[in-house]
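What follows is a short report on a single structure.
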Amino acid sequence: MLQLGEQITLYSVVFVVVLLGTRSAVWSTVLTVSLYMFLAMFRFPQVPASRVQQVLHPAGAGSKVSVVAHRGGGHDAPENTIASIREASKNGATGVELDLEFSADGVPILMHDDTVDRTTDQSGPLSQMSFSELSKLDAAAKHRLREKFAGEKIPTLEEAVEECMKLKLTIYFDVKGHPDEAAAALKKLYKKHPVLYNSSIVCSFEPKVIYRMRQSDPDVVTALTHRPWSLSHFGDGAPRFSSLWKHHWMTLMDVVLEFGHHHVLWKLCGISAFLIQKNSVSLDYVQHWAQRGVEVVAWTVNTKVEKDFYQEVLQVNYITDSLVEDCEPHY
Ligand SMILES: *[C@@H]1O[C@H](CO)[C@@H](O)[C@H](O)[C@H]1NC(C)=O
């Protein structure tokens, strides 16, 4: 019934917005009905709840909160490396969040940025570096503990996943773009290691990535990632664009994306979890999604006080930069 109320709200909003734009009741009706049919025909059903539980709460006991090391735990070890995965496991993480990227010659690797500048001893865009070039870089070069982790390499996706399986860590694959390549690479991985269906989740800011993933393998557990105002503002709150016109346009797009994520895209993609910037998480919000069979995961939760709050009060899984101490967020 809740779903019915929500649907009526959704279609009313669409109807009114189109009516205001076109002043035509016919067009408003046609477009609203088209949206309804589009959703009904093209949406993916959610993965069965029992398997989602295994992925999000591998320790069992329904309510047990999972702690996930962001980029493998970028504060405790060089981000997105095998060392970070081992460190996260040693420090008691339930899982790791890893960023999927590709070398110029199409090898799936772990890297957050689209250049190697911030994390390695070299500079340049990933799109112009072959895997053999990337494999020579020092992935610990810019880390605060670079001495301890000297010589750490950029891992392939395959190497990282095998390490996680060995250590029984849940994997949150964070995919930033390349929907087709990413879906193909991940599908191959799931077929090779079926245990991943029970122990990993594919997440993205981009609905298209998640939609493509479910198209190529509907059994994969997925999540949408969201931060309010992410199109117009950086993670630290600074505006992305200096042009006022562009800033306002992207702010408007943020409102559309917010509406889309919460009312259309989650359903179209059949997601099982919603990864949301921690400040937007409240008990009401968690319950709102729980009623829709979607679990909230908060990011990035970096202080002891906050961790206690998310764990004890909100009881949601959270993603953190450090398993051992308070630290500043790594955007
Ligand atoms: C995944 O979990 C289900 C249910 O617990 C189990 O039957 C299945 O064998 C598991 N698959 C793998 C590959 O571990």
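Derivation of every value follows stated rules applied to the coordinates shown; laboratory data play no part. Computed from a prediction, not measured in an experiment: that's the story for all the values here. Glycine also receives a Cβ, built like all others from the backbone with ideal geometry; neighbour counts cover every protein chain displayed.
Quick notes on this one:
- Residue pairs meeting the criteria (Cβ under 6 Å; at least 6 apart or on separate chains; first in contact (Cβ under 8 Å) with a residue 24 or more places away in the chain, in region 194-217; second aromatic (Phe, Trp, Tyr) and more than 16 Å from the ligand (Cβ to nearest atom)): Ile201/Tyr172; Val202/Phe173; Cys203/Tyr172; Arg214/Phe44
- Leu56 satisfies every condition listed in (1) within 25 Å of Asp180 (Cα to Cα); (2) in contact (Cβ under 8 Å) with a residue 12 or more places away in the chain except (1).
- Any hit, region 14-33, residues being out of contact with any His (no Cβ under 6 Å at 6 or more places or on another chain) and within 26 Å of Ala223 (Cβ to Cβ): yes
- Test for Ala93: is it small (Gly, Ala, Ser), in contact (Cβ under 8 Å) with a residue 12 or more places away in the chain, under 23 Å from Ile319 (Cβ atoms) and not in a loop (DSSP other than H, G, I, E, B): no
- Subset of region 126-153 (residues that are in contact with a Phe, Trp or Tyr (Cβ under 8 Å, 6 or more places away or on another chain) and either in a loop (DSSP other than H, G, I, E, B) or among the basic types (Lys, Arg) (or both)): Ala140, His143
- If the condition is being farther than 30 Å from Met41 by Cα, buried (at least 16 other Cβ atoms within 10 Å of the Cβ) and charged (D, E, K, R), then region 238-293 contributes only Lys278.
- Just one of (1) surrounded by fewer than 16 Cβ atoms within 10 Å (Cβ to Cβ); (2) more than 16 Å from the ligand (Cβ to nearest atom); (3) within 25 Å of Asp76 (Cα to Cα); (4) more than 20 Å from the chain's Cα centre (by Cα) fails for Asp114. It is (4).
- Residue list for region 152-199, filter: over 14 Å from Thr94 (Cα atoms), of a type outside the set (D, E, K, R) and within 15 Å of the ligand (Cβ to nearest atom): Val161, Leu189, Tyr190, His193, Pro194, Val195, Leu196, Tyr197
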